[in-house]
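Quick notes on the structure that follows.
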Amino acid sequence: MKRRGLLRWTLAVLAVTGALLPAGCAREGGSGEYPSKPVTIVVPYAPGGGGDTFTRAVAAQAADILGVKVFVENRTGGGGTIGVGSVARAAADGYTLAFVSTSPVVMAPNFLDVPYDPLEDFTYLARFVVSVHPVLVGGESPFDSFPAVLEFARANPGRLRWSTAGINGAPHVATLAAFRQEGVEATFVPMQGSSEVLAGLLGGTIDLGVISDYSGALAAGDVRVLAEIGPEPIPGLPAVPTYEQLGYPLAPAIFFGLAGPAELPRDVVARWDDAIRTITASAAFSDIAERLNGNVAYLGHEEFERHVRADIAAARRTLRTLGSGD
Amino acid sequence: MENVLEGISLALNFNALAGILLGIVLGQILGSIPGLTAAMAVALLVPFSFYFDPWVGIPMMLAMFKGSLFGSSIPAILLRTPGTPAAAATVIDGNPLARRGKGGKAMHTVLFASVFGDSFSDIVLIFGAGALAAVAIRFGPSEYAILVFFALLSLISLHRGSAWKGIAAISAGVLLACIGLDPITGAPRLTFGNAELFDGIGLIPMLIGFLAISEVFRQLEQPVRLLGERALAFSSRREDNRLSGKERLSLLPTLLRSSAIGTATGALPGLGSTVAAFIAYNEARRTAAKPEQFGKGSLHGIAAPEAANNAVGGANLIPLLAFGIPGDVAAALILGALLIQGITPGPVAFRDNPAPIYAIFVAMLLANLVNYLVGLGFIPLAKKMVSLPKRLLFPAVLVLASAGAYAMRGSLFDVQLMFVFGLVGWLMAKYRFPSVLLLIGFILTPILERSIRQTLILVEAADGWFAFVASRPVLMILLGVLAILTAIVVRQRLMMKRYGLPKGPA
């Protein structure tokens, strides 16, 4: 026990020291097998959210597998589009990668002038998780089911107040599409980040919230789950209906994955695809996923790329018929 | 009680103590490097929290946070370069005191105030989290709007010069804060098609530009023969290098008031330690016996923002432990680490498995002690590092500042912005425009704008203004307080006019 403790400490001190040295210092000869120097994964959000925590877990395990340091860098802004865009323009050598998810890749380009083309500018390496985004109400809310919410909103146009973690993100767009189909007119209150939405639900500022970071409040009974916006039921809550079951036009499986700039070398793609497959198969990763409300959902390079293309096409089609986006 | 004892025994083992020490030392060093915010420092430790027990990994992260808030004030005092935005208000009195040779005293004041603020908010967190959180959760957009508006009004009194210059500076800050994506519609505003501006102007390049770079420009105006001088001389008198017991005692009211301000600010997610520091500074000056000393190196002016910004740290965990809502980025990182450890923060954690939470509490208090002791060792080191001639020190500041502006987003654009702000700040100081007001306008506008616009949307979803206000008891109380305060001020002014009493501090 004592000796293991000491070993852990040595590792910890070494790793912190290593993390503080700029990545460039470790540059070794350019030749040889990939990877020969540290890899940076850009997370386009502030540290601390679900995507960030997942990426840090993946990076920690990938470092062991690949034998080099894997840094996580938070490059925030523009709802995730700035960080992702910076990776699109990075050198296609596999040393700068991005954490990608549905909002910046599939949704944002329909609403914003983003600095990248999600179809042309990326190599999608692998998907590791599909995240759960439930529709929540406060613990004392009078609504006990999603139909009850819709009924209230139909009878009282504009009175239902709801929010999501970001404007024009997947939860926002999908729920808006659901409301349109149901003929519901509700008031969207723009908020920043899931903690503001959660506070709004608990404090009675809003009636409905669609967010992914909610475990503490759910365990305490401060919120209740009425629906799930993705296609798959929430683990442990099979009775909660999904947007797909309810027949709504958009039921996005919100993916968490890794991507690099376009035309990454084959060996880079293969190395990361393998690494993610190994990581997602590990018990440690399933534990983390369960605790962070995500479903482990490995998808290899080719399949992930096909999936992203299909998602983009579907979102564009739906948004056009709904008359939003361009 | 059993759980408390178990918690204490968990916290008092070698690994936990080593974690705290490592966190504090790294935190103080990283905090003193401009551009690395406390949250970024904490993020570096997230992977370790995967491998250690929660009562080792989490205190290490908290210790890092506490250490970095102290560390960030050191360059603020010695080099006018706040290590993190939270130390910006510390520059106002800390730097003048250091220039009088009393840098040692200034740093000891910071250390004492930081540890005081930390301990205060930790104790409130441990004994009063539930009650405070229950009040704080009732604060929605309308309540935030009133609070921030009130803060903005009172902070205007930081400026004692020409009124129109003050208005010009604060308006410029408000205008600069409007750059970026519209917080409600998501449409780009004043970005001129530049994607770098989508997220608005960064606070760090702005602070470093206005505070540090403008000072470098000012030094360039000095005659060349002075450049060989040391930038900062430290008096060798013992009295100038320590904080006496009497001074500590006299700071106590300021420390208590500022810690309370910081704790309240921290319990309300989204306001942040920079805002708390400025409000506490202003309050300390407003209630001071000798307000004329503020801005020239008042110990109260150093202690107030430092106690407040540290108090925010502990208080940010109040909504986290009560409801699972993280108060800021650092708390969000701690939430992630707790979840990975299988601890779901919230009342359930206290019911089901409280020992680790108590262990974390004990470790937080221990971390404050360690922060104080390590800080005592850090102060002489810091003195040595800045005892360089100006011609060496200021170029070094330039490099450090550029790296700091770059590090936040990895953007050269931010470095360019920093230099532009440096130039503007230098010109503003030359023509006596208060750049502090510009910074305050810039910091408060996003929260103010968002909460006002959210309120307007919420009012539309209610039965008009009356029904909206009637449905929010906290809003009614705040409006009542605001009305009474306004009445008092108006009455005072009328009395002054009638009886020609001397004007008090405006």
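Laid out as a table, the results:
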read-out: Residue in region B:101-123 that is surrounded by fewer than 24 Cβ atoms within 10 Å (Cβ to Cβ), closer than 25 Å to B:VAL481 by Cα and of a type in the set (Val, Ile, Thr) present; value: no
read-out: Residues of region A:178-201 satisfying the condition of being at the interface with another protein chain (Cβ under 8 Å from one of its Cβ atoms), farther than 13 Å from B:PRO183 by Cβ, assigned to a helix (DSSP H, G or I) and not small (Gly, Ala, Ser); value: A:LEU198
read-out: Selection within region A:83-108 - under 17 Å from A:ARG309 (Cβ atoms), more than 13 Å from every other protein chain (Cβ to nearest Cβ) and not in a strand (DSSP E or B); value: A:THR102, A:VAL105, A:VAL106
read-out: Odd one out for B:ARG160, checked against (1) assigned to a loop (DSSP other than H, G, I, E, B); (2) of a type in the set (D, E, K, R); (3) under 30 Å from A:GLY85 (Cα atoms); value: (3)
read-out: Leading residue by the ranking (nearest to the other protein chains (Cβ to nearest Cβ)) among those in region A:42-67 that are without any contact (Cβ under 8 Å) to a residue 40 or more places away in the chain and over 21 Å from A:HIS133 (Cβ atoms); value: A:ALA60
read-out: Only one of B:ILE360, B:ILE302, B:ILE261 that is over 21 Å from B:PRO96 (Cα atoms), more than 14 Å from every other protein chain (Cβ to nearest Cβ), assigned to a helix (DSSP H, G or I) and modelled with pLDDT of 95 or more; value: B:ILE261
read-out: Filter result (modelled with pLDDT of 90 or more and within 14 Å of chain B (Cβ to nearest Cβ)) within region A:222-251; value: A:ASP222, A:VAL223
read-out: Filtered residue count, region A:262-274, keeping only those that are more than 19 Å from the chain's Cα centre (by Cα) and surrounded by 14 or more Cβ atoms within 10 Å (Cβ to Cβ); value: 8
read-out: Residue list for region B:313-345, restricted to those being among the aliphatic types (A, V, I, L, M), outside any helix (DSSP H, G or I) and more than 8 Å from every other protein chain (Cβ to nearest Cβ); value: B:ILE343
read-out: Extreme residue, nearest to the other protein chains (Cβ to nearest Cβ), among residues of region A:68-80 that are of a type outside the set (Lys, Arg) and within 17 Å of A:ILE279 (Cα to Cα); value: A:VAL72
read-out: Residue satisfying all of: in region A:45-85; touching a Gly at 6+ places or on another chain (Cβ under 8 Å), crowded, with 23+ Cβ neighbours inside 10 Å and of a type in the set (S, T, N, Q); modelled with the highest pLDDT among these; value: A:THR53
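For every residue, the table says whether it meets (1) touching a residue at least 12 places away in the same chain (Cβ under 8 Å); (2) within 14 Å of chain A (Cβ to nearest Cβ); (3) out of contact with any Ser or Thr (no Cβ under 7 Å at 6 or more places or on another chain).
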position	(1), (2), (3)
B:ASP240	yes, no, yes
B:GLU247	yes, no, yes
B:GLY272	yes, yes, yes
B:LYS290	no, no, yes
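To keep it simple, each residue is scored yes or no on (1) out of contact with any Phe, Trp or Tyr (no Cβ under 9 Å at 6 or more places or on another chain); (2) farther than 30 Å from A:GLU182 by Cβ.
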position	(1), (2)
A:LEU226	no, no
A:PRO231	no, no
A:ALA239	yes, no
A:GLN245	yes, no
A:PHE256	no, no
A:LEU264	no, yes
A:ARG271	no, yes
A:ASP274	yes, yes
A:ILE288	no, yes
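The values are calculated or read from the model by the stated rules, or taken from the named source; none is laboratory data. This structure is a prediction, so every number in the text was calculated from the model and none was measured. Note that we place each Cβ from the backbone using ideal geometry, even for glycine, and neighbour counts take in every protein chain shown.
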